[in-house]
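So the structure is just underneath, and the comments pick up after that.
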Amino acid sequence: MRKNIVAGNWKMNKNLQEGVALAAELKEKVSNPNCDVIIGTPFIHLATVAELLKDSPIAVAAENCADHTSGAYTGEVSAEMVASTGATYCIIGHSERRTYYGETYEILREKVQLALANNLRPIFCIGEVKEEREANRQNEVVKAQLEGSVFNLSAEEFGKLVIAYEPVWAIGTGLTATPEQAQEIHAYIRSLIAEKYGNEVADNTSILYGGSCNAKNAVGLFANPDIDGGLIGGASLKADDFCAIISAF
Ligand code: PEP
């Protein structure tokens, strides 16, 4: 059966020393979690943090990877480079990357494939913006995002993905989808996966909620049958806040 997961996304926060200190604090505080725990860090932290956490229950994710294998792409970091640090996951398709860096369905399709080819498990993010929710178009938006970037995968490949539903209007805004809103769309996402890959793959896929998730609202969100944990931005930057969310399981 699918795993419950709490994953952090540090975004562009923490210099190397601060990031290593946070990872060390988490290592000390997260000893026997009732769920899988992942921290997504900037590229510069990956090797040090992965080494620090190698005998701990905490896995490490990159927040992005390049859409090319290698070569003349100044400033880019390939999936192979990410994997060589000891990271085992890669966040792909975060709404900030889609919005600020023009990441299209096609670019994300390449990234997902390169991550998988390098044994990284993609945490693939989908979700609608405020206007789309107001127009009740959230289902069609997440369907197009899945069809555009990951429904080309084989069932075996898709089975390695973690899906994160993140309504863009809830990210970093303090607004959270209600547990009912989140459960409804998570169930819809699972039904799309079942339609495409069958019930077994759908039942085994972890679907995380992201968007102003904190220790207070995590319990209500995670109690729902189709919400298998959270992708946590702001509240992953302090060990105690992040640990309190892990304790929601
Ligand atoms: C995110 O960036 O993935 C996120 C969910 O951020 P926040 O928790 O700060 O809303």
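Under the 0.36 nm per residue contour assumption, what length would be gained going from the current alpha-carbon distance of Thr69 and Tyr101 to full extension?
9.6 nm
Taking 8 Å as the Cα distance limit and 6 or more residues as the minimum spacing, I'd like the relative contact order of the chain as a percentage.
The value is 21 percent.
Whole-Hz Karplus ³J(HN,Hα) for the range 36-41, in order, using 6.51 cos²θ - 1.76 cosθ + 1.60 and θ = phi - 60°, x for Gly and Pro?
Rounded to whole hertz, the list is 6, 10, 9, 10, x, 10.
So what are the radius of gyration and Dmax for the Cα set of the chain, in Å?
Rg then Dmax for the chain, in Å: 16.7, 47.
Taking amide H atoms as placed 1.01 Å from N in the peptide plane, list the residues 5 or more away in sequence, or in a different chain, whose amide H sits under 5 Å from that of Asn9.
Here Gly40, Ile232, Gly233, Ser236 satisfy the definition.
Of all accessible surface on the chain at a 1.4 Å probe, what whole percent is carbon and sulfur?
Ligands and nucleic acids excluded, carbon and sulfur reach 49 percent.
Of the chymotrypsin sites (Phe, Trp or Tyr not before Pro) in the range 80-139, which ones lie in a loop per DSSP and count no more than 11 other C-beta atoms within 10 Å?
Those satisfying the criteria are Tyr101.
Residue by residue, what Karplus-based ³J(HN,Hα) values in Hz, rounded to whole numbers, does the range 169-177 have, using 6.51, -1.76 and 1.60 with θ = phi - 60° and x for Gly and Pro?
Karplus-based 3J(HN,Hα) across the range 169-177 equals 5, 9, 7, x, 9, x, 8, 10, 4 Hz.
What ³J(HN,Hα) values, in whole Hz, does the Karplus curve 6.51 cos²θ - 1.76 cosθ + 1.60 give for the range 73-78 when θ = phi - 60°, with x put for Gly and Pro?
10, 3, x, 8, 10, 7
Nearest 500 deg cm²/dmol is fine: what mean residue ellipticity at 222 nm does the chain get from its DSSP H runs of n ≥ 4 alone, each adding -39,500 (n - 2.57), divided by its residue count?
After summing the helix terms and dividing by residue count, I get -12000 deg cm²/dmol.
At 1.4 Å probe size, put Trp10, Trp169 in order of accessible surface, largest to smallest.
Trp169, Trp10
Taking amide hydrogens as modeled 1.01 Å from N in the peptide plane, which residues meet the under 5 Å criterion relative to Glu103, leaving out close sequence neighbours?
Amide H neighbours of Glu103: Arg98.
Under the rule of at least 5 residues apart or a separate chain, name every residue whose amide H is placed under 5 Å from the amide H of Arg121.
Amide H to amide H, under 5 Å and 5 or more residues apart or across chains, Arg121 pairs with Tyr89, Cys90.
Of Ile245, Ala24, Thr99, which is farthest towards the positive pole of the chain's charge dipole, taken about the Cα centre with +1 and -1 on the beta-carbons of Lys, Arg and Asp, Glu respectively?
Ala24
For the range 1-93, which GluC sites (Glu not before Pro) are in a loop by DSSP, counting at most 16 other Cβ atoms within 10 Å?
Glu76
Per residue, how many Å² of accessible area does the chain show with a 1.4 Å probe?
45 Å²
The values are calculated or read from the model by the stated rules, or taken from the named source; none is laboratory data. On a predicted model such as this, the values are computed, not experimentally measured, just so you know. No Cβ is skipped: glycine too gets one built from the backbone with ideal geometry, and neighbour counts run over all protein chains shown. These accessible areas exclude ligands, DNA and RNA; they are computed on the full protein's heavy atoms, side chains included. Shrake-Rupley method; radii C 1.70, N 1.55, O 1.52, S 1.80 Å.
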